[in-house]
Structure formats: C-alpha cells, structure tokens
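**Q** Before I ask anything, here is the structure I am working with.
The values are calculated or read from the model by the stated rules, or taken from the named source; none is laboratory data. Please read all numbers here as calculations on a predicted model, not as lab measurements. Neighbour counts run over all protein chains shown; Cβ positions are idealised from the backbone, glycine included. Side chains included, ligands, DNA and RNA excluded: accessible areas come from the protein's heavy atoms. Shrake-Rupley method; radii C 1.70, N 1.55, O 1.52, S 1.80 Å.
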Amino acid sequence: EKVREGARGCEKVREGARSEAQPSWSLAPRTLRVRGLRQHQQRGRAGAAESVEAKMKQMHQGLHGNTPRGREGHLKSKNKTAGFSAALFYGLMSVASVFLNKAIFEVWQYKFPASLVAGQTVFTVMAILVLTKVGVIRLGKFNVAHFRRVFVVAAVFQAKLVLDMSALVLVNIPMYGILKSSTTPAVMFLDFVLRGRVPASRVQMAVWVTTVGGFVAGCGDLTFDPLGYALALSSALCTACYVVLVGKIGDELQLDSFTLLLYNSLWSTPLSILITVAMGEMAGVIAFPHLLDRGFVAALFTSCASAFVLNYATYLCTQVNDALTTSVVGRTKSVVQGVGGLFAFQVKTSMVNVSGLVLNSVGICWYAWERYVDERRRNNVRQIGGIGTLNESFMTRNESQIVLSPKVCERVRANSTGATASGVVRARANEAYVG
C-alpha cells in the first residue's frame, strides 16, 4: 500500500510539473523570473519522482531476479555448479583409470603392461594434435631446444609408467595406492639431500602417520608379492625423480601444460615401443586369445583414452576451480580408491591390513589438510602483495606434486625516486598433474 501511495504521489507531482511548464509571455519580467524559478523547482520535484519510480522498478525487478545483482548471484550459482562438476569429473577419472587398468589385468588376464603404456602414449599424441587442430586446446610454438631438454623427463616418466602398470598387475588396488603414497617421503628425502629443505613439523608428522600405516598394512597383506612391492616402490622413487625434474624444467622453461605433455609424449612413444620389444611383449600381444574380442577392444581403447582424459580433467579442474581444489581432490581420492578396491576385486584382508589402511588414510587426509592450510596462507599473502596479469599456466612442482602454475606479470615499483622495473612473479598453484 505504501508503494502504491508513493506511485500516486509521483504521478500527481508529474502532472503538476507538466501543467505549470507552459510559458506565459504576457507576464512582467519579474513575474517571469519567479515563474522560471518555480518551474525549476517543479522540474526538481519531477526528477525526484522519477528517481523514486526508478527505484520502485528496480525493486520489482529484484523480486524476479532481473537486476544486475540478481544476475550476478545467478552466475555465482552457475560457477559453483561448474566447479563442483569439474572437481567431481577429475576425482572420478582418477579412480576410474586405476580400476579400468586393473580390470584389464585381472579380468581379461592381459599381462603386458608395457604395451598398454605404449597405447596410452600414442593415443595422447593423437588426441593433442586433433584437439589442437579443431581449436579446443592451444599449444606453444615448437621449440627444438626445449624439446631436447624434455628427453630426460620423458625417459624417467616412461620408466615410472611401466613400473606403475607392472606393479598394478601383481598388487591389489588398496596396497597399490599405499605404496604409491611413499612418493611423498621420497621427495622430502631428495629435497633434504639436494636442497637442505626440511618441511614443517606438522607435515612431517602427517607423512610419518601415512608411512607407518602403509607398513602396518603391508605386514597384514594376505596377498603379499615381493616383486610387486619392489616394482611399486621403484615406481614411487621414479615419481619422486620425475617431480624434481619437472620442477626444474618447468621453472626454467615455463612451458604450458599441453606443450610439455606433447613433448613428453613424442619422446615417450618410441621409448615405450622399445621397452615393449625389450620386455618381449610383442609376441605375447599377437598371441593373446582375446585380442579381437569386442569387449576387450573396447576396454583397451577406453584405457588408452583414459590417460589423456585424466590429464584433461586435471587441467579443467584447475582452471574452473583453482589448483588448491585439485590438490585436495587428488589426495583424498586415494582414500576412496583404497576403500573401493577392497570390494571391487574381492581382496583378501586381515585385521592388521585394514588397520594399516585406516591409519594410512588418516595420514593422507591430515597431509592434505596441512597442504590446504599452507596454500591458503600463501594465497592470502599473494593477494596482499598485489594482483598481476594472468597468462597461460605452466607445469612446475610444489612439494611432492606436479603443479599447474599461472604466469603472473607484475610491475614492481623500486623506491621513492620513481624508478620502476617490470618482472615476472610466479604464483605457484597446488597439485595439478600426477601421472
């Protein structure tokens, strides 16, 4: 009712302003000045009435979500949905890729891990080239010098993948995840030896809990395979070396993620084929009885595609959300993977084994939380320091993980004399890429 009364009052003021707006040329000059002043006052009242009416209209639109503020809230809701979907997609792909590879080895009895790695590498190269051609992704200009420097990284990465697959053939999924978590203490040890770096005490405690849980779970593993354990631990060591190398190459070259992935895959393709031949898998693949079965072909193709899709899901999650979200999802998915692996392939367990799994999961969650808190603190410091111009992301390392780090260009003011200098500040993100 108050709104209606206000509207009627506005209409009366507007009508009064229109009625007195007609000029009276027969009046004396003084009367004209008074009339002009009165008309000016009436126009002011009319403007105020129109302002009230505009506010009423804005209020009415706000009730229906049509204001800019309402649209902003709608966009925030859509961004939250997109961020949750990207994080869920990344987490599901991380778990599904391991389960899919294990199913090929366990259900189809395909015991040729090196050939599977070769197929995934070839698919990655083809997918990058095709998506670049259609404009979905963008690559940097091919640099021969950079390509040569990536060779060592590709060689270590290829050894890591082959060891990963070989260990997955012999070890159940929960223990596979636990043994892979030994990458973190391996990287911490390399950092201490090479750079003298010591992490915070809370981080060390979380890593110790994870390691002790893995040792307890291994003592209770009823399907213990010494060769599988040796391969998994060797893979963790290769992963640690790969993380250190990518950190060095990424900081120096600042290659964007897909360009580095392409360079890596171009080197890995011939290397994986040579490893397949050297391990004598070619004859076994040709003689495999289910090689032409539709179900096996579909599973094999999906496995080859999953490696690239996982990389793309990681990149997408980092871009839609932030690298910190990717870090938390990447670490906590190990817990889901371990629990799901207990039931997916009917793993034989004992009380000691389950207790070790629980302790290891607690350590993983604790470590993820410490990394989350530390990264939030660093982000707050960066925001206080200033905002730069965000460009393409490049691959580097953050502690025991391969990360996507945005290139930030920032103008630095030197001192009060007015001298300035332009520099590049790397705002390090958290986890993005782990094979």
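**Q** Quick one: with all protein chains in place, what share of the accessible area of region 106-259 is carbon or sulfur, to the nearest percent (1.4 Å probe)?
**A** Carbon with sulfur: 70 percent of the solvent-accessible area.
**Q** Here's something else I'd like to know. Please work out whether region 176-247 counts as rounded, prolate or oblate from its C-alpha gyration tensor, where a ≥ b ≥ c are the square roots of the eigenvalues and a/c under 1.5 means rounded, while otherwise a/b larger than b/c means prolate and anything else oblate?
**A** Oblate, since a/c reaches 1.5 and b/c is not below a/b.
**Q** Separate question: Where the centre of each part is set by its Cα atoms, how far does region 75-153 sit from region 177-224, in angstrom?
**A** Here the two parts' Cα centres lie 27 Å apart.
**Q** When a/c reaches 1.5 or more, the comparison of a/b and b/c decides; with that in mind, is region 315-381 rounded, prolate or oblate per its Cα gyration tensor?
**A** Numbers: a/c = 7.37, a/b = 1.94, b/c = 3.80.
The shape class here is oblate.
**Q** Taking region 112-228 as the region of interest, what is the percent of Cα-Cα pairs per 10 angstrom bin, listed from the shortest bin to the one with the maximum distance?
**A** 11, 26, 29, 25, 9, 0
**Q** Separation between the VAL3 and VAL285 pseudo-spin-labels, each 7 Å from Cα along Cα→Cβ, expressed in nm?
**A** 7.0
**Q** Next question. Could you calculate the contour length gain from ASN79 to ALA298, that is, 0.36 nm times the residue separation minus the distance between their Cα atoms, to one decimal place in nm?
**A** Numbers: separation 219, 0.36 × 219 = 78.84 nm, distance 3.44 nm.
Length difference between fully extended and current span is 75.4 nm.
**Q** Using a simple charge model, +1 on the beta-carbon of Lys and Arg, -1 on the beta-carbon of Asp and Glu, nothing else, what dipole does region 170-295 show about its Cα centre, in debye to the nearest 20?
**A** Computed about the Cα centre, the dipole is about 300 debye.
**Q** Right, something else. Structure shown: which of LYS80/LYS133; LYS141/LYS248; LYS111/LYS141; LYS141/LYS180; LYS111/LYS180 lie over 27 Å apart, alpha-carbon to alpha-carbon? Don't jump to the answer; show the numbers that get you there.
**A** On the way: LYS80/LYS133 31 Å; LYS141/LYS248 21 Å; LYS111/LYS141 39 Å; LYS141/LYS180 35 Å; LYS111/LYS180 20 Å.
From LYS80/LYS133; LYS141/LYS248; LYS111/LYS141; LYS141/LYS180; LYS111/LYS180, over 27 Å: LYS80/LYS133; LYS111/LYS141; LYS141/LYS180.
**Q** Which Cα, out of LEU245, THR302, CYS365, lies furthest along the positive dipole direction of region 237-366 (beta carbon charges, K/R +1, D/E -1)?
**A** Checking the options against the dipole of region 237-366, the answer is CYS365.
**Q** Keeping all protein chains in position, work out how much accessible area GLU106 exposes to a 1.4 Å probe, and write it in Å² to the nearest 10.
**A** 80
**Q** Over the residues of region 137-186, compute the C-alpha Rg and express it relative to 2.2 N^0.38 Å.
**A** Rg over 2.2 N^0.38 Å, computed on Cα atoms: 1.61.
**Q** Specify whether the C-alpha gyration tensor of region 276-340 places it in the rounded, prolate or oblate class, a ≥ b ≥ c being the square roots of the eigenvalues: rounded for a/c under 1.5, otherwise prolate if a/b is larger than b/c and oblate if not.
**A** Prolate.
**Q** Based on the mean of other beta carbon atoms within 10 Å per residue, what is the order of 135-147, 162-174, most packed first?
**A** Ranking, from highest mean packing down: 162-174, 135-147.
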